[in-house]
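**Student:** Here you go, one structure.
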Amino acid sequence: MNDKILIDYMYIGLFFLCGIAAAGAPILISLLVRPRTKISQRTLQTYECGNIPFGQSWDFRHGIGFYLYALMFLAFEVDVLYLYPVATVFHKVPAFRAVGLFVVFLGILALGLIYAWRKGVFLWTSEKKIY
Amino acid sequence: MDILSNIPPHLFRMIIAVAVVLGFVFANATVMGYLERKLAGRFQRRLGPMEVGWHGILQMPVDGIKLIAKQLIVPDNVAGILFYVAPLIAMSPVALPFLVIPFAPGLQVIDLDVGAIFVLTMISFNTVAVFLAGWSSNNNYAMIGAMRAVAQNIAYEIPILLSVLAIGLMTNTFSMKGIIEAQKSIWFIIVQPAAFIMMFICSIAETNRAPFDLPEAESELTAGFHTEYSGIAFSLFMIAEYTYMFVNCCLVATLFLGGWKGIPLPFGDYSSCIWFFAKVYFLMFVIVWCRWTFPRVRFDQLMNFAWKYLIPFSLVNLLITAILVKLL
Amino acid sequence: MHFYQIIAEIIFWLLVLITIGGGFLAIGARMLIHSLMGLSITFLGVAGLYIYLGSFFISLLQVLIYGGAICIVLVFGIMVGYTPRQIVETRIRGENLLLAVPTCGLAVALLYFAIRRTGWVPAAQRLADYSIERVGHTLLYDFCLGFELISLLLLVGMIGAIIVVNSQEEESGGQ
């Protein structure tokens with residue numbers, strides 16, 4: 001680790017700490033100057049457009065489709081980020097090997113995408129009834 | 001080797017850099033807030049803010065003071081500490097991407113060899129903040145908004161990654177300065193028009209702006225993930241959104257529009273900086289223009305647009321780029 | 001120079017503290033989302049340790065893949081599965097104990113042997129660069145197969161999840 005990299009990290013650390021300070025300072029100022037009037041209990045209700053809130057939102061479960069999207073995202077992100085360092089040495093690699101690697105990786109990704117497409121992951125509930 | 005002799009000039013530079021950047025973050029939010037409201041007015045054939053100052057130019061500072069001086073209402077049912085942490089997470093990393101953005105040949109804080117990836121990583125923090133805000137509010141609108149935000153952000157992050165990779169294949173570096181240097185002869189928007197269009201669309205979606213502002217669609221979700229936030233906590237989310245918008249536009253301008261390059265202006269060293277800001281604010285203007293021109297898409301249309309069109313097209317684009325780079 | 005060594009030491013132990021503290025939060029929290037937050041803190045701590053070891057790129061990958069993608073998968077797993085308010089019962093007896101102890105023992109043993117077999121060189125004495133080009137070269141020539149297998153594994157996982165979801169939906173009458 002040489003000095004230049006160390007100084008780069010110091011910049012990053014300082015920017016991060018100052019970012020936290022810049023986020024915290026307005027909140028602190030706001031806490032100091034806010035009006036201190038009495039708030040009625042109704043103000044602290046969960047906001048549901050004036051209705052009395054129904055249940056807790058934490059108690060609802062969401063559609064399984066979200067999970068599939070997340071898995072596909074994971075597969076894509078891991079593969080694409082693997083190709084990032086490869087891209088930096090792309091000009092030094094023999095053409096056949098480099099292009100072959102890209103074809104294999106993007107092919108695997110495309111297979112996953114096509115499979116999900118065929119199996120109706122991208123169909124939403126309203127379309128599924130017809131399907 | 002002796003690091004002690006290295007520090008003092010850098011310490012001075014560090015403090016100036018961090019002060020300028022944080023000042024710019026707030027200034028940018030102010031300017032963009034004003035411009036957005038003014039432009040929204042113009043697009044809808046009305047005047048926009050006119051009362052405070054000349055053509056309402058003092059509207060945003062006044063609003064800022066009002067927001068700071070407002071009550072911070074924390075509802076009873078929220079998840080305690082996470083509710084407070086979410087705006088902090090949204091706001092804390094906003095200064096970091098500015099480290100690597102090259103505003104002019106000599107105006108870049110540090111030049112990392114992974115600059116573009118660094119910017120992408122910092123932008124992705126926003127997703128976490130939005131999810132935490134929505135979840136910890138314990139509000140149905142906020143919860144649905146948060147789920148939508150995460151699903152949308154992950155879907156639109158992939159074409160961005162693929163487009164940046166397509167540029168990386170041509171430049172063989174991810175240093176922001178190196179990418180601009182590689183556009184000496186020709187801007188990449190001409191070589192990679194498809195990647196440019198896809199990346200720009202995804203930048204709009206990543207910052208949760210109309211026509212992709214499903215996480216905060218006011219006609220169905222009141223205010224989406226920040227329904228329960230009031231006063232300064234809400235404005236921290238807005239400042240972060242405008243900053244990420246600026247950073248995304250910087251990334252697009254650097255990657256595709258040649259960064260600081262342009263026809264020489266008679267301002268000496270300042271001309272490249274002026275070119276950079278002109279390009280970035282033009283892109284921001286286009287984003288605002290899109291917001292007030294296109295109707296909001298439906299959520300299934302939004303997801304399908306990403307997975308059925310953008311991602312396959314960007315995969316094909318990347319493959320063609322890889323082959324052409326090796327052939328030519 | 002001595003002063004900076006002390007600072008570096010402090011930062012290192014701070015990162016270790018963040019990593020381990022996040023781990024404790026992950027196993028100790030009563031709500032699943034809090035556990036997840038603990039896990040992501042651990043991931044960020046590990047990313048900081050990668051920076052400490054001198055590879056900024058790997059650290060960014062750690063944030064993007066683990067702090068981003070994996071955590072999002074887990075978030076959605078929680079949101080579609082349990083309702084997050086359900087308190088996880090930590091019942092460590094019976095068949096759970098029977099499964100947990102050998103698994104943990106195996107993991108610890110594997111880690112132990114891996115640690116013993118590695119020839120450790122202090123980070124300050126290593127001269128090899130861990131820049132992005134170096135990582136790319138290594139991935140392309142030395143560990144190419146491993147990464148293709150990982151992408152295959154992810155593909156299989158994805159297909160498996162789709163099959164499970166589709167069979168569940170058929171059982172429940174296309175709902």
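The values are calculated or read from the model by the stated rules, or taken from the named source; none is laboratory data. All values derive from a computational prediction rather than experimental measurement. Cβ atoms come from the backbone with ideal geometry, glycine included; neighbour counts cover every protein chain shown.
**Student:** For the condition within 30 Å of B:G178 (Cα to Cα) and of a type outside the set (S, T, Y), what is the one hit in A:V33, A:V78?
**Tutor:** A:V78
**Student:** Here's another thing I want to ask about it. Please state which one of B:I287, B:I197 is without any contact (Cβ under 8 Å) to a residue 12 or more places away in the chain and surrounded by fewer than 23 Cβ atoms within 10 Å (Cβ to Cβ).
**Tutor:** The unique qualifying residue is B:I197.
**Student:** Considering only residues that are at the interface with chain A (Cβ under 8 Å from one of its Cβ atoms) and out of contact with any helix residue (DSSP H, G or I) (no Cβ under 6 Å at 6 or more places or on another chain), which ones fall in the stretch C:145-158?
**Tutor:** If the condition is that a residue be at the interface with chain A (Cβ under 8 Å from one of its Cβ atoms) and out of contact with any helix residue (DSSP H, G or I) (no Cβ under 6 Å at 6 or more places or on another chain), then C:E148, C:I150, C:L152, C:G157 are the ones that fit.
**Student:** Further question on the same structure: I'd like to verify a number: residues in the stretch B:217-267 that are β-branched (V, I, T), surrounded by fewer than 24 Cβ atoms within 10 Å (Cβ to Cβ) and more than 30 Å from B:I81 (Cα to Cα), how many?
**Tutor:** Residues flagged as β-branched (V, I, T), surrounded by fewer than 24 Cβ atoms within 10 Å (Cβ to Cβ) and more than 30 Å from B:I81 (Cα to Cα) within the stretch B:217-267 amount to 2.
**Student:** Right, another one. Name, by its number, the condition in (1) touching a helix residue (DSSP H, G or I) at 6+ places or on another chain (Cβ under 9 Å); (2) of a type in the set (F, W, Y); (3) away from chain A (no Cβ under 12 Å) that does not hold for B:W54.
**Tutor:** Of the numbered conditions (1) touching a helix residue (DSSP H, G or I) at 6+ places or on another chain (Cβ under 9 Å); (2) of a type in the set (F, W, Y); (3) away from chain A (no Cβ under 12 Å), the odd one out for B:W54 is (1).
**Student:** B:I154 fails exactly one of the following numbered conditions: (1) outside any helix (DSSP H, G or I); (2) at the interface with another protein chain (Cβ under 8 Å from one of its Cβ atoms). What is the number of that condition?
**Tutor:** (1)
**Student:** Of the residues that sit in the stretch C:42-69 and are β-branched (V, I, T) and more than 7 Å from every other protein chain (Cβ to nearest Cβ), which one is surrounded by the most Cβ atoms within 10 Å (Cβ to Cβ)?
**Tutor:** Of everything passing the filter in the stretch C:42-69, C:T42 is surrounded by the most Cβ atoms within 10 Å (Cβ to Cβ).
**Student:** Hey, among the residues in the stretch A:29-62 that are assigned to a loop (DSSP other than H, G, I, E, B) and among the aromatic types (F, W, Y), which one's farthest from the chain's Cα centre (by Cα)? Step through it out loud before you land on a result.
**Tutor:** If we filter the stretch A:29-62 for residues that are assigned to a loop (DSSP other than H, G, I, E, B), which is where we start, we get A:34-40, A:45-56, A:60-62.
Among the residues that remain, those that are also among the aromatic types (F, W, Y) are: A:47, A:54, A:60.
Values: A:Y47: 26, A:F54: 29, A:F60: 22 Å.
Out of the qualifying residues, it is A:F54.
**Student:** Residues to consider are B:L22, B:L112; find the one that is under 30 Å from B:G134 (Cβ atoms) and surrounded by 16 or more Cβ atoms within 10 Å (Cβ to Cβ).
**Tutor:** None of the other options fit; the residue is B:L22.
**Student:** Also, quick follow-up: Is the stretch B:85-100 home to any residue that is more than 7 Å from chain A (Cβ to nearest Cβ), more than 30 Å from B:M176 (Cβ to Cβ) and assigned to a helix (DSSP H, G or I)?
**Tutor:** Among the residues of the stretch B:85-100, at least one is more than 7 Å from chain A (Cβ to nearest Cβ), more than 30 Å from B:M176 (Cβ to Cβ) and assigned to a helix (DSSP H, G or I), which makes the answer yes.
**Student:** Let me ask something else. Hey, does the stretch C:122-143 have a residue that's of a type in the set (K, R), surrounded by fewer than 19 Cβ atoms within 10 Å (Cβ to Cβ), at pLDDT below 75 and closer than 24 Å to B:V150 by Cα?
**Tutor:** No, because not a single residue in the stretch C:122-143 is of a type in the set (K, R), surrounded by fewer than 19 Cβ atoms within 10 Å (Cβ to Cβ), at pLDDT below 75 and closer than 24 Å to B:V150 by Cα.
**Student:** Right, next: Assuming C:T19 fulfils every condition listed in (1) of a type in the set (S, T, Y); (2) within 28 Å of A:L6 (Cα to Cα); (3) at pLDDT below 90 apart from one, which condition is it?
**Tutor:** (3)
**Student:** Would you check if there is a residue in the stretch C:45-57 being touching a residue at least 60 places away in the same chain (Cβ under 8 Å), within 24 Å of A:Y82 (Cβ to Cβ), among the aliphatic types (A, V, I, L, M) and assigned to a helix (DSSP H, G or I)?
**Tutor:** Yes, the conditions are met somewhere in the stretch C:45-57.
**Student:** Filter the stretch B:58-81 down to residues that are facing another protein chain (nearest Cβ under 7 Å) and part of a helix (DSSP H, G or I), then give me how many there are.
**Tutor:** 1
**Student:** Out of B:L88, B:L47, I need the residue that is modelled with pLDDT of 80 or more and surrounded by 15 or more Cβ atoms within 10 Å (Cβ to Cβ). Which one? Break it down into steps so the answer makes sense when it comes.
**Tutor:** On the way: B:L47 fails: surrounded by 15 or more Cβ atoms within 10 Å (Cβ to Cβ).
Going through B:L88, B:L47 in turn, just one is modelled with pLDDT of 80 or more and surrounded by 15 or more Cβ atoms within 10 Å (Cβ to Cβ): B:L88.
**Student:** Another question, if that's okay. Looking only at residues that are assigned to a helix (DSSP H, G or I) and within 8 Å of B:F256 (Cβ to Cβ) in the stretch B:178-199, which one is nearest to the chain's Cα centre (by Cα)?
**Tutor:** Residues of the stretch B:178-199 that are assigned to a helix (DSSP H, G or I), as a first pass: B:178-181, B:188-191, B:193-199.
Keeping just the survivors that are within 8 Å of B:F256 (Cβ to Cβ) gives B:188-189, B:195-196, B:199.
Numbers: B:F188: 20, B:I189: 19, B:A195: 18, B:F196: 15, B:M199: 12 Å.
For the stretch B:178-199, the residue satisfying everything is B:M199.
**Student:** Listed residues A:R61, A:R36; which is within 7 Å of another protein chain (Cβ to nearest Cβ) and basic (K, R)?
**Tutor:** Answer to the selection: A:R61.
**Student:** Here are A:F105, A:F122, A:F96: which of them is within 7 Å of chain C (Cβ to nearest Cβ) and either part of a helix (DSSP H, G or I) or surrounded by 17 or more Cβ atoms within 10 Å (Cβ to Cβ) (or both)?
**Tutor:** Unique residue meeting the criteria: A:F105.
**Student:** Name the residue, out of B:N139, B:N153, that is under 20 Å from B:P211 (Cα atoms) and crowded, with 24+ Cβ neighbours inside 10 Å.
**Tutor:** None of the others qualify; the one that does is B:N153.
**Student:** While we're here: Could you pull out the residue among A:Y69, A:Y84 that is part of a helix (DSSP H, G or I) and under 24 Å from B:S136 (Cα atoms)?
**Tutor:** Just a single option satisfies the conditions, and that option is A:Y69.
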